[in-house]
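This report concerns only the one structure given below.
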Amino acid sequence: MTTLQTKGTILLTGGGGFVGGQILREALESGYSVRITARSAPSAQRTISHFPSYPSVLSSAIVPDIQSVEAYEPAFADGAITHIVHAASPFVLTPEDNVRDLLNPAIKGATVVLEAALRYGNGKVKHVVATSSFASVINISEGMRVGYTYTEKDWNPVTWEQAATADGVTAYCASKKLAERGMWDWMESHRDVGFGLTTICPPWVFGPYAGKLESTKSLSESVQLLNNIIDAENVPPFDFGGYADSREVASAHVRALEVPGAAGRRFIVGRDYRYQIVVDLAHEAVEKGDLPKEFGNRLPVGKKGEWVDSYHIDGSEVTRVLGVQYRELRDTVVDTYKQLIQARELEAKA
Ligand SMILES: NC(=O)c1ccc[n+]([C@@H]2O[C@H](COP(=O)([O-])OP(=O)(O)OC[C@H]3O[C@@H](n4cnc5c(N)ncnc54)[C@H](OP(=O)(O)O)[C@@H]3O)[C@@H](O)[C@H]2O)c1
């Protein structure tokens, strides 16, 4: 693998996931070499097969256990790694065991990747970006919190002890908060490591997968939410008030590697939305011919234009500092449903 003509080599964990795949695409298109980590060789190969145009700049390393520093040694062995994006983290909202399935891999995995950068990076790693979440920002116990605006200054107050026995959503949110907090604490106690940290905090991420979506069987939890609306009787009730497009989230990660002012900061990438507006926009797209006519009959109608009041999300810093441009929600809705419709057609033929 050659790194000479690229901007450097990113070690990307979780490149096989929904968000990680878009980060991978964005990084390759932005001129980086990328080494994805995966738990197994077939999984790495599956991801690489989605990006056939980049054979010389896309490689993989098998990291069977993201909670083990030593597992990362082969990924750094050739001294190529200059940047790290840590997107791997369990995204499950119905864990069997909160500690085993969520808290341990998320929290330990987050500091282990920093430890590995320090131990095996040969002083070459310049910057680390981690995929955190709006889950790390929001105080769920405050509910709808009408009139409040969440910014990067807010932290989810949930503790490990609460999370260990909480419901799945609370535990997931805690896994993200405690993982991010752990990374900042690690940076605080390792001030001379030679690399900076930026964290990206999106709410629900919608939008397309970077590679061809061939099945709806193992969608990311967030895409599953829009998939669930197809053939549903009702528009889903409010759960979280914010969304981001997968391509905006990817852009934020890659921009954070490049913009000097990104180091030491967390960025919310996201804006307010409601499921009702998603449904309204999908119907509008059907009327305009941007989604198939028959698809309109498979969507609930709900109460057109209804906007239930809740907190707001301020995702403006990511535009001001990193230059990330937000898309129209309509584009996100159309692109997500086009991909889901195509995947369902492929499933029906199989
Ligand atoms: N989608 C959203 O709405 C959203 C919002 C905010 C933040 N995020 C964050 O974005 C990241 C990716 O989420 P996603 O939506 O892309 O979900 P996803 O499609 O399920 O991807 C999760 C990725 O993490 C990896 N992973 C999960 N548990 C792991 C473990 N124990 N060991 C090693 N790798 C593990 C998965 O690897 P395999 O492919 O091997 O399973 C996969 O690559 C996560 O950090 C998530 O918390 C997502």
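The values are calculated or read from the model by the stated rules, or taken from the named source; none is laboratory data. In this text, all values refer to a predicted model and were calculated from it rather than measured experimentally. Backbone-built Cβ (ideal geometry, glycine too); neighbour counts: all protein chains shown. Heavy atoms of the whole protein, side chains included, go into the accessibility calculation; ligands, DNA and RNA do not. Shrake-Rupley method; radii C 1.70, N 1.55, O 1.52, S 1.80 Å.
It is to be established whether one or more residues within segment 276-293 are touching a residue at least 12 places away in the same chain (Cβ under 8 Å), under 24 Å from Ile313 (Cβ atoms) and not in a helix (DSSP H, G or I). Within segment 276-293, none of the residues are touching a residue at least 12 places away in the same chain (Cβ under 8 Å), under 24 Å from Ile313 (Cβ atoms) and not in a helix (DSSP H, G or I).
Let me spell it out: the conditions are (1) hydroxyl-bearing (Ser, Thr, Tyr); (2) more than 16 Å from the ligand (Cβ to nearest atom); (3) more than 18 Å from Val128 (Cβ to Cβ), and Tyr150 meets all of them except one. Which number is the exception? Here Tyr150 clears every test but (2). Just name the residue that is nearest to Ile313 (Cα to Cα) out of those in segment 156-181 that are within 14 Å of the ligand (Cβ to nearest atom), open to solvent by 20 Å² or more (accessible area, probe 1.4 Å) and not β-branched (Val, Ile, Thr). The extreme case among them is Lys177.
Of the listed requirements (1) at pLDDT below 95; (2) on the phi > 0 side of the Ramachandran plot, Gly14 misses just one: (1). Screening the candidates His312, His283 for the property of being open to solvent by 50 Å² or more (accessible area, probe 1.4 Å), more than 19 Å from the chain's Cα centre (by Cα), over 17 Å from Thr199 (Cβ atoms) and not hydrophobic (A, V, I, L, M, F, W, C) yields one hit, His312. Take the conditions (1) near the ligand (Cβ under 9 Å from one of its atoms); (2) at pLDDT below 95; Pro55 misses just one of them, which is (1).
For first residues located in segment 57-68 and open to solvent by 20 Å² or more (accessible area, probe 1.4 Å) and charged (D, E, K, R), partners that are in a loop (DSSP other than H, G, I, E, B) and within 12 Å of the ligand (Cβ to nearest atom) and lie 6+ apart or on another chain with Cβ distances below 9 Å form the pairs Asp65/Arg39.
Taken over segment 208-220, the criterion of being exposed (fewer than 14 other Cβ atoms within 10 Å of the Cβ) and either over 16 Å from Leu340 (Cβ atoms) or polar (S, T, N, Q) (or both) is satisfied by Ser215, Ser218.
Condition check ((1) assigned to a loop (DSSP other than H, G, I, E, B); (2) over 23 Å from Val113 (Cα atoms); (3) hydroxyl-bearing (Ser, Thr, Tyr)) across all residues:
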| residue | (1), (2), (3) |
| --- | --- |
| Arg145 | yes, yes, no |
| Asp154 | yes, yes, no |
| Thr170 | no, yes, yes |
| Met183 | no, no, no |
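For beta carbons closer than 6 Å, sequence separation of 6+ or different chains, a first residue in segment 19-48 that is free of Cβ contacts under 8 Å to residues at least 60 places away in the same chain and a second that is more than 10 Å from the ligand (Cβ to nearest atom) and part of a loop (DSSP other than H, G, I, E, B), the qualifying pairs are Leu28/Tyr54; Gly31/Thr6; Gly31/Lys7; Ser33/Thr3; Ser33/Thr6; Ser33/Val57.
Note on segment 185-207: among residues that are open to solvent by 40 Å² or more (accessible area, probe 1.4 Å) and outside any loop (DSSP other than H, G, I, E, B), the one that is nearest to Gly16 (Cα to Cα) is Asp185.
I need the full set of residues from segment 221-241 which are within 10 Å of the ligand (Cβ to nearest atom) and either open to solvent by less than 20 Å² (accessible area, probe 1.4 Å) or touching a strand residue (DSSP E or B) at 6+ places or on another chain (Cβ under 7 Å) (or both), in order please. Talk me through it step by step, then tell me what you get.
Step one: list which residues in segment 221-241 are within 10 Å of the ligand (Cβ to nearest atom), which gives 221-225, 240.
Selection gives Ser222, Val223, Leu225, Phe240.
For segment 62-73, the criterion of being assigned to a helix (DSSP H, G or I) and away from the ligand (no atom under 14 Å from the Cβ) is met by at least one residue. For segment 1-48, the set of residues classified as open to solvent by 10 Å² or more (accessible area, probe 1.4 Å), over 21 Å from Pro202 (Cβ atoms) and in a helix (DSSP H, G or I) consists of Ala41, Pro42, Ser43, Gln45, Arg46, Ile48, listed by residue number.
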